[in-house]
Amino acid sequence: MRFSWKLTGLAAMAGFILTSAAQTPSNRTNDSALEKNVQTIAAAHHGDVALFAENLKTGETVSIAADTPVQTASVIKLGILYEALEQIREGKAHWDDRLTLNKADQVPGSGILLFFDTPLPLTLKDVLTFMVVMSDNTATNLAMDHIGIPNVNRRLAQLGLKNTYLYKKVFQPVPPGVVMPDDQKKFGLGKTTAHEMATLMKKIVTCDLAEPGAHARPDDAALCAVALHMLHVQFYRNAIPRYLDGMAGATGDSIANKTGSLDAVRNDVAAVSTKNGLVVISCFTFNNKDHSWGTEQEGELTIAKIARAIIQSWSPQGLAAWPVPAGQTPKP
């Protein structure tokens, strides 16, 4: 999504916080080194950084301004994907639901559906795949039309994500009679925090779809596998995956991620399969001085350096293939 809304008036960046569930002396030493390393990388960035990362095996976390509301850009599409999964799970939607792309639906920015002849028949799975893999804005709008923006926000609220919100369709005017929240102009398409978006990614990659107190269903794993495949084949790999793809043990499905970009914003949220378990990294750079769109964009490089520092600290042995859910056989 390559368009720009200016973000102003953010509160001063919160102090750096590092916590660990593992309290052995060796872990405290490693955490201290990671804290210093990540802090140094963030301080060198010409802009602001918000971060929340968690090792799901050890409980270790590292964060910078993790509860500061920030522009999501296209990262909010994770919320749309999650709501789609829940609706499919509940039988309210289906992967093969028929949608039609019309000329009026085509909007600029990321993606390729803008260039297709219309009318074009698609499925819900088609548009979600375009939305995740290529961050296709036209596909995103079709998905929002089908599952409903209010439903997305209702679900996010049910999950306790108080600062995560989807405002409107991409490059489309607000419908008549719809009143936007006062902060929409500040955040644009959507808002979130690094901590809350990490929580959402964690729910997707661990297939935590059951309501609190309810049990998982036998077909949940197959449902989540479809979404995971979309995230594994993410087209944009200049941020979190940049250096991780070349690490020892990396495979084509070691990283599941979703990016978001505006002129002054670069974001990436990922789950990384490592030799020491799954690691979720949610990193947002904003108020960036570098507004360029090349491969050496500073916001993306900063995120890449932070991701590398975290993985090198928490899993010096490198990455691993995505873990196979219990009861399933590895892919050939």
(message) Cross-link candidates for LYS92: which lysines have Cα within less than 28 Å, leaving aside residues fewer than 8 places away along the same chain?
(response) LYS77, LYS103, LYS125, LYS162, LYS168, LYS169, LYS191, LYS202, LYS203, LYS258
(request) Determine the calculated [θ] at 222 nm for the chain from helices alone, applying -39500 (n - 2.57) to every DSSP H run no shorter than 4 residues and normalising by the residue count; nearest 500 deg cm²/dmol. (result) -10500 deg cm²/dmol
(request) Express the relative contact order of segment 176-332 as a whole percentage, based on alpha carbon pairs under 8 Å and six or more residues apart in sequence. (result) 23
(message) With just the Cα atoms defining each centre, how far is segment 187-227 from segment 73-88? Give it in Å.
(response) 9
(message) Quick check: residue separation of ASP263 and GLU296 times 0.36 nm, minus the Cα distance between them. What number comes out in nm?
(response) 10.5 nm
(message) Quick check on segment 151-197: take the gyration tensor over C-alpha atoms, sort the square-rooted eigenvalues as a ≥ b ≥ c, and tell me if it's rounded (a/c under 1.5), prolate or oblate.
(response) prolate
(request) Would you pull out the residues with amide H under 5 Å of GLU60's amide H, same chain only if 5 or more places away, H placed 1.01 Å from N? (result) ALA21, ALA22, ASN55
(request) Exposed loop chymotrypsin sites (Phe, Trp or Tyr not before Pro) only (DSSP loop, at most 14 other Cβ atoms within 10 Å): please give the longest stretch of the chain free of them, not including the sites. (result) 117-234
(request) Would you work out which of VAL233, THR193, LEU209 lies farthest towards the positive end of the dipole of segment 192-251, given +1 charges on the beta-carbon of Lys and Arg and -1 on that of Asp and Glu, about the Cα centre? (result) VAL233
(request) Counting residues in the chain as N, plug N into 2.2 N^0.38 Å and put the Cα Rg over that result. (result) 0.96
(message) Within segment 239-315, what whole-number % of the accessible surface is contributed by carbon and sulfur, with the 1.4 Å probe and all protein chains included in the calculation?
(response) 48
(request) Leaving out ligands and nucleic acids, note down the accessible area per residue over segment 178-255 with a 1.4 angstrom probe, in whole Å². (result) 45
(message) Explain nothing, just the number: relative contact order of segment 40-93, from Cα pairs under 8 Å at least 6 residues apart, as a whole percent.
(response) 21
(request) Could you tell me what percent of the accessible area of segment 45-177 is made up of carbon and sulfur, with a 1.4 Å probe and every protein chain present? (result) 55
(message) Restricting things to Cα coordinates, could you compute the convex hull volume per residue of segment 224-332 in Å³?
(response) 100
(message) On a 1.4 Å probe surface of the protein chains, which of ARG266, ARG98, ARG154 comes out largest in accessible area, and what is the full order?
(response) ARG98, ARG154, ARG266
(message) About the Cα centre, and with charges only on the beta carbon of Lys, Arg (+1) and Asp, Glu (-1), how big is the dipole of the chain? Nearest 20 debye, please.
(response) 200
(message) Can you tell me, using C-alpha contacts under 8 Å and at least 6 residues apart, the relative contact order of segment 184-261 as a whole percent?
(response) 23
(request) Rounded to the nearest 0.05, what FRET efficiency do LEU120 and LYS36 give with R0 = 56 Å and r taken as the Cβ-Cβ distance? Could you check? (result) 0.60
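The values are calculated or read from the model by the stated rules, or taken from the named source; none is laboratory data. The structure presented is a predicted model; accordingly, all values stated were derived computationally and were not measured. Using ideal geometry, Cβ is built from the backbone for each residue, glycine included, and neighbour counts are taken over all protein chains shown. Just the protein is used for accessible areas: all its heavy atoms, side chains included, with ligands, DNA and RNA removed. Shrake-Rupley method; radii C 1.70, N 1.55, O 1.52, S 1.80 Å.
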